[in-house]
Each structure stands twice: as structure tokens, then as C-alpha cells.
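Here the structure comes first, spelled out in C-alpha cells, and everything after it is commentary.
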Amino acid sequence: MRMVDIISKKRDGKELTTQEINFFIEGYTKGTIPDYQASALTMAIYFKDMTEKERADLTMAMVNSGETIDLSAIEGIKVDKHSTGGVGDTTTLVLAPLVSAVGVPVAKMSGRGLGHTGGTIDKLESIDGFHVEITKNKFIELVNKNKVAVIGQSGNLTPADKKLYALRDVTGSVESIPLIASSIMSKKIAAGADAIVLDVKTGAGAFMKTEEDAEKLAHAMVKIGNNVGRRTMAVISDMSQPLGFAIGNALEVKEAINTLKGEGPEDLTELVLTLGSQMVMLAKKANTLEEARQMLEAVIKNGKALEKFKVFLKNQGGDESVADNPDKLPQAKYKIEVPAKKSGFVSNIVADEIGLAAMLLGAGRATKEDTIDLAVGLVLNKKVGDSIQKGESLVTIYANKENVEEVKSKIYENISINNKAEKPVLIHKIITE
Ligand code: URA
Ligand code: CA
């Protein structure tokens, strides 16, 4: 087999065979196929697309390019959740203890990553003593015993995807639905998921800005999952404004605790109940979505969800008393209010720009080497659709530096106040095939 023939075949819009896709992924991972040929193929795929069968083959070839996590020692159906990323997305912190409190095993491998705030692990590390450096055996033991554990990324998972994603990034072929879908799905499958719930965001703060693109990506990923034997469904959710009120690591942990107590922001609560019900269904712990939702609402009400969060923290060395006393989380030195300049209704909060404002305070990292300030961030006092009086606080800034003029300007530039405003729809669509 020759790589040049595979490139030409895709250039002409033909379907590649399983063997051809395997040849490409194996050769590229090993280094026998050079970057220039791989980039010619990814560009051909960008223009000519891939069939359903090619997408499934590419995903499994990338899964098989490295190690995979074997979770078969964990009883039950392991359902993983993946979010395509957004601003102030606190869902994992709430969902992990919440669904585990109704018996769904949560065996999560999580990362730090780049962005406006840290990843789930950074957020959890704002709790004194909490750590994810546990052995695989301990991880499995904890999930079997208490139904929830989080482990840091380890092992050589999907090396083909790492190499290809980096190549696409510098050769103009990131924005390809089959390539994005197979990239995301290969990582979830390699991490051992039996079933997958996808939260595909749409709007200014999302990777997929338009609803049309978000829907295409969701369909593509759901098809891949179901074609390779992992039941998969997707929720398309709004990311035009940040999710919840808090954007920042410790601030989001506090928001997660409030949500587990039933006192969280309305949008975050609705999203976790929507995603959580789907996870409960895929794990076969309920017969209908209504039943699943009622189970989740019940454990929030009776305190079992918060109790589960404490057990989870304690198991991994964390100070579980933060759940009752969030003031034990890292606190910023300065708390600065940003007053509204006029009265009216909040009509727009540009998610990605507000995320950047949080990053200016030190809440996130731009490069892998950056350190994060876990205490800092923003809390929105108003969301789109809310009324506000001149002088009332729009946003509270939590900072460890006194001069936050740049952050303030960014907030004023990206929050609009008008005579009228409509609350955005949170759940745009649910995609099951
Ligand atoms: N995120 C991924 O993991 N892969 C892509 O290709 C794009 C976004
Ligand atoms: Ca939030």
C-alpha cells in the first residue's frame, strides 16, 4: 500500500477502506508516513468529507494507536460525559457526585488543559489535600466501593490523535466535522467509556459558534459512537453567555456545592439535570427520563448528592468539610464590584470575552507552563434577561491584584444593557441518532 494512492483516492472523493485508514494511522503514529503526506490527506478529508464507515474506522484506528483503559473490573455500565468546552462550565463537578449518588458508576479520567479557567482537576485541587495521583487499582477500587473517582491523565492514550490534531492546527484542517468528531470520540473510547453523553455547546463561548455546526458535530459523534458499539447521545446547549454565575476555579467549586444542595444557578441546575438524566438512562438505572430526573432531584433534596461529594473528596485526600464551609476554599484578596452604568435589561453577555476577562485575573492558563491562581475569577450578578438598576453590581471581580481596570473595561465592553432582552433557550436540541 502506498500513502500517495490513499491521498489521491480521497482527493477524488472516494471512500477509503478500513485497511487504508489503518495503514495511514499506524504509519503516521510510527513516523513512517511524513507530516506532508498526512497534511495532504487531512486537507483532502476537509474538502471531500468522510462516509459514516470511514469515520468509525478512523476513530477506532486512533483508539488502537495507543494504550486503552480497561474498566471492565468496574461493575455496571460506565457512562462518560464530554463537553465541547465553554466558559464557566461547572457541570462535571456537579454531575460526578450527582449521578453516582443514584448508583451510576463514575470513573473519570480528567485533565488540566488550557483555557479561561483550569480543567476539572485544577478546580478540584482548590480543595485542600485533594489529589488525582492515585493508582489504577485504587481508582477501580474506589469506583466499585463508592461509585465515583477521578484520576489524572496517564498512559499513552490516542497518540495518533495527539499528532494529527497538532498537525491540523498548523495546516488549516481543524474545522472538519469528521476529523473533530473522530478526534473527540477516540479519546472517550480509549478512556474506557461504555456509553457517552455529549454536551455540545453552541454560541459565542463555544467551539462551534453556530447552531447548525453544533448540530452537525453532534450527529457525527453520536453516529460514530453507536457504530462502534458505544451508546451515545448528545445535548446541544447554550454557550452564548457563561454557564451559571461563577467563572474561576474555587468560585466554581463553591457554585457546584450550592448546586448539589439545590441552591445553584437555574441554568447550571437545568443542564446537569438534563445531562444527568441521560446518563442515568444509558446506565440503565431508570426506565424513563422522567424517572431518572426525579431520582436526581430526590438526591439533591435529601442531601445524598452533597454527602456523595464529601465521600468523593475524602477518598482522594480532600478536606470534605469545604462542602459545609466553602469559605475554606482559597479566597482572593480583593472583591471589587462592577456597577451598571444605566438601568434596563441585560441583553448580552459575550461568553468568550468574559472568559478572557477571568483569564486576565489569572484564573486560566494560555500555555501549559502557566500557573493558575485558584482563588480569582468573576461572579455574574445578572444573567441575560435580568433587569438591572443603574449602580447595581453587574459582576463581582475576585482578584489578587488591586488594579483591575483592564478587566473592568472588558466586562463593560461585553455586557450590554437594553430596554428589553430575552432569556436565551438553554437546551437547544437532544440528538439520539
Ligand atoms: N477538540 C478535539 O479534541 N479535537 C478536535 O479535532 C477539535 C477539538
Ligand atoms: Ca459557572
Query raised in the report: What full-extension length gain, to one decimal in nm, is calculated for Glu405 and Lys14 as 0.36 nm per residue of separation minus the Cα-Cα distance?
Result: 135.2 nm
Query raised in the report: How far apart, in nm, are the 7 Å Cα→Cβ label points at Glu291 and Lys420?
Result: 4.4 nm
Query raised in the report: How would you classify the stretch 3-48 from its alpha-carbon gyration tensor, with a ≥ b ≥ c the square roots of the eigenvalues: rounded for a/c under 1.5, else prolate if a/b is greater than b/c, otherwise oblate?
Result: oblate
Query - With every protein chain in place, the stretch 79-325: carbon and sulfur % of accessible area (1.4 Å) - result: 50 percent
Query raised in the report: Sorted by packing (mean other beta-carbon atoms within 10 Å per residue), highest first, where do 181-194, 387-400 land?
Result: 181-194, 387-400
Query raised in the report: Which residue fluctuates the most in the chain, going by a Gaussian network model with Cα springs under 10 Å, if the choices are Thr259, Thr135, Thr202?
Result: Thr135
Report task. With +1 on each Lys and Arg Cβ and -1 on each Asp and Glu Cβ, and nothing else charged, work out how big the dipole of the chain is about its Cα centre, in Debye to the nearest 20. Result -> 380 debye
Query raised in the report: Of the peptides 278-287, 352-361, 368-377, 417-426, how do they stack up when ordered by the mean number of other Cβ atoms within 10 Å, highest first?
Result: 352-361, 278-287, 368-377, 417-426
**Report entry** Calculated FRET efficiency for the pair His131/Ser393, C-beta based, R₀ 35 Å, to 0.05
**Finding:** 0.45
**Report entry** Per-residue [θ]222 nm for the chain (sum of -39500 (n - 2.57) over DSSP H runs n ≥ 4, rounded to 500)
**Finding:** -14000 deg cm²/dmol
**Report entry** Accessible surface, per residue, of the stretch 79-325 when the full set of protein chains is kept, probe 1.4 Å, Å²
**Finding:** 34 Å²
Query - Candidates Val104, Val299, Val170: whichever shows maximal mean-square fluctuation once the chain is modelled as a Gaussian network with Cα springs under 10 Å - result: Val170
Report task. Could you tell me which of Ile300, Thr120, Ile354 has its Cα farthest along the dipole of the chain towards the positive end, charges placed at Cβ (Lys, Arg +1; Asp, Glu -1), taken about the Cα centre? Result -> Ile300
**Report entry** Mean-position separation - Cα centroids, the stretch 221-291 and the stretch 1-23, in angstrom
**Finding:** 39 Å
**Report entry** the stretch 272-404 - percent relative contact order, Cα under 8 Å, separation 6 or more
**Finding:** 24 percent
Report summary line: When the charge dipole of the chain is computed with +1 at the Cβ of Lys and Arg and -1 at the Cβ of Asp and Glu, the Cα pointing farthest to the positive end, of Thr396, Met60, Ile336, is that of Met60
Requested in this report: Over the stretch 331-418, average the accessible area per residue using a 1.4 Å probe and give it in Å², no decimals.
Outcome: 48 Å²
Report summary line: Rounded to whole Å², per residue accessible area for the stretch 3-48 with a 1.4 Å probe reads 53 Å²
Query raised in the report: If packing is taken as the mean number of other Cβ atoms within 10 Å per residue, what is the order of 21-28, 249-256, 67-74, highest first?
Result: 249-256, 21-28, 67-74
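The values are calculated or read from the model by the stated rules, or taken from the named source; none is laboratory data. Being a predicted model, the structure only gives us computed values, none of them experimental. Neighbour counts are summed over all protein chains in view; Cβ atoms, including those assigned to glycine, are modelled from backbone coordinates with ideal geometry. What goes into the accessible areas is simple: the full protein's heavy atoms, side chains included, and nothing from ligands, DNA or RNA. Shrake-Rupley method; radii C 1.70, N 1.55, O 1.52, S 1.80 Å.
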